[in-house]
Amino acid sequence: MYRVTRGASYHGKLKKIRTLRKSIARVYTVIHQAQKLRQREAYRSKKYVPKDLRPKKTRAIRRRLTKKEQSIHSARSMRKARAFPPRVFAVKC
């Protein structure tokens, strides 16, 4: 009940507090964005990158084989491919 009977000045104050909090949040957002950008630059050439800086994508895509891993062949399959290359035929007219 006490809060309701404070009057119009109280609501004005509440509005100012809200706008102030929002503006502080905006400043923090910009600061954190800049910070993350600097971290990305620092980790660009490193072997290991923190999880929050890695590309998000989807779970399935993250677990998929890389292009390099897909192109690797076993020694046996390489030997087989060399022994039996694809046949090339030319039709005489």
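Observations, loosely collected:
- Residue within region 3-19 that is part of a loop (DSSP other than H, G, I, E, B), in contact with a helix residue (DSSP H, G or I) (Cβ under 9 Å, 6 or more places away or on another chain), on the phi < 0 side of the Ramachandran plot and of a type outside the set (D, E) present: yes
- Filter result (part of a loop (DSSP other than H, G, I, E, B) and surrounded by 10 or more Cβ atoms within 10 Å (Cβ to Cβ)) within region 73-93: H73
- So R54, is it basic (K, R) and in contact with a helix residue (DSSP H, G or I) (Cβ under 9 Å, 6 or more places away or on another chain): yes
- Scanning region 48-72 for residues that are part of a helix (DSSP H, G or I) and exposed (fewer than 10 other Cβ atoms within 10 Å of the Cβ) turns up K51, D52, R59, A60, I61, R63, K67, K68, E69, Q70, S71.
- Sub-8 Å Cβ pairs linking a first residue in region 29-41 that is without any contact (Cβ under 8 Å) to a residue 60 or more places away in the chain to a second residue that is surrounded by 10 or more Cβ atoms within 10 Å (Cβ to Cβ), at least 6 apart or interchain, are K36/L53; Q39/P50; Q39/L53; R40/L53, ordered by first then second residue.
- For Y28: the one exception among (1) in a helix (DSSP H, G or I); (2) loosely packed, with under 10 Cβ neighbours inside 10 Å: (2)
- For region 68-93, the tally of residues that are aromatic (F, W, Y) and at pLDDT below 95 stands at 1.
- Among the candidates S45, S23, residue that is without any contact (Cβ under 8 Å) to a residue 40 or more places away in the chain, among the small types (G, A, S) and either outside any helix (DSSP H, G or I) or loosely packed, with under 10 Cβ neighbours inside 10 Å (or both): S45
The values are calculated or read from the model by the stated rules, or taken from the named source; none is laboratory data. All figures in this text were calculated on a predicted structure; none of them were measured in a lab. Heads up, the Cβs are rebuilt from the backbone with ideal geometry, glycines too, and the neighbour counts pull from every protein chain shown.
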